[in-house]
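One structure is given here, and the rest of the page talks about it.
The values are calculated or read from the model by the stated rules, or taken from the named source; none is laboratory data. Keep in mind it's a predicted model, so treat the numbers as computed, not measured. Note that we place each Cβ from the backbone using ideal geometry, even for glycine, and neighbour counts take in every protein chain shown. Remember, those area values only see protein heavy atoms, side chains included, never the ligands or the DNA or RNA. Shrake-Rupley method; radii C 1.70, N 1.55, O 1.52, S 1.80 Å.
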Amino acid sequence: MNSSFALLSGRLVRRVASPMGLPRRIEYSRGLVSQAMKRSAAWKLGHLNHVAIAVPDLDQASAFWRDVMQADKVSDSVALPEHGVYTVFVELGNTKIELLFPLGDKSPIAGFLAKNKSGGIHHICINVSDISAALKTLRARGVRALGEEPKIGAHGLPVVFLHPKDCGGVLVELEEKR
């Protein structure tokens, strides 16, 4: 029987082909899902690493977080040509905010800002214990990754992005925490 898993309106759904080949869905309750999946987990979902915000003016956004919001630590801008972005990290007590600005015309952030002139939340990043195992499990459950293999991210660690249509409308970045 061919099946896959996906999130639909915050619920885990298993898509199953019926004997006649017609698709049908089996929805799982939260308790059943968590128990079944925790037993077989080869990787562990960790804490929120950062929330990324695309900004039309990196200097202005950095000044806002440093001077208005009084963040203790706002990094310098770092160019990441392999990702097509400039990044600034704002350190908070328990997580970070990543400010993103386009680097080049083909930057994914340039496309985002073309649709959202004022900027806005671009993605969330969550730590995982084993990114390869996480990617294998999530793909088997019907979650698409944006890219075949993890890349090295802004922190020098492997990262992979998950398709927002499979994650409740949210672009999710997974980062392996070592």
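General observations
- In region 93-113, the residues that are out of contact with any strand residue (DSSP E or B) (no Cβ under 7 Å at 6 or more places or on another chain) and either under 30 Å from residue 72 (Cβ atoms) or at pLDDT 95 or above (or both): 93, 94, 108
- Residue 42 vs. criteria in contact with a helix residue (DSSP H, G or I) (Cβ under 7 Å, 6 or more places away or on another chain), open to solvent by 70 Å² or more (accessible area, probe 1.4 Å) and at pLDDT below 95: yes
- Number of positions in region 134-178 that are modelled with pLDDT of 95 or more, assigned to a strand (DSSP E or B) and of a type in the set (Lys, Arg): 0
- Those strands (runs of 3 or more DSSP E) of region 45-106 in which 2 or more residues are aliphatic (A, V, I, L, M) and under 22 Å from residue 131 (Cα atoms) occupy 45-54.
- Number of the exception - residue 110 against (1) open to solvent by less than 60 Å² (accessible area, probe 1.4 Å); (2) in a strand (DSSP E or B); (3) within 13 Å of residue 57 (Cα to Cα): (2)
- Contacts under 6 angstrom Cβ, first residue in region 120-134 being over 16 Å from residue 169 (Cβ atoms), partner assigned to a helix (DSSP H, G or I) and open to solvent by less than 30 Å² (accessible area, probe 1.4 Å), 6 or more apart: 128/134
Residues are listed down the side, and each one gets a yes or a no for (1) more than 18 Å from residue 176 (Cα to Cα); (2) more than 19 Å from the chain's Cα centre (by Cα):
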residue: 43; (1), (2): no, no
residue: 59; (1), (2): yes, yes
residue: 77; (1), (2): yes, yes
residue: 83; (1), (2): no, no
residue: 103; (1), (2): yes, yes
residue: 107; (1), (2): yes, no
residue: 110; (1), (2): yes, no
residue: 117; (1), (2): yes, yes
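- Residue in region 55-104 that is nearest to residue 127 (Cα to Cα), counting only those that are without any contact (Cβ under 8 Å) to a residue 40 or more places away in the chain and aromatic (Phe, Trp, Tyr): 86
- Scanning region 114-124 for residues that are within 20 Å of residue 43 (Cβ to Cβ), modelled with pLDDT of 95 or more and not basic (Lys, Arg) turns up at least one hit.
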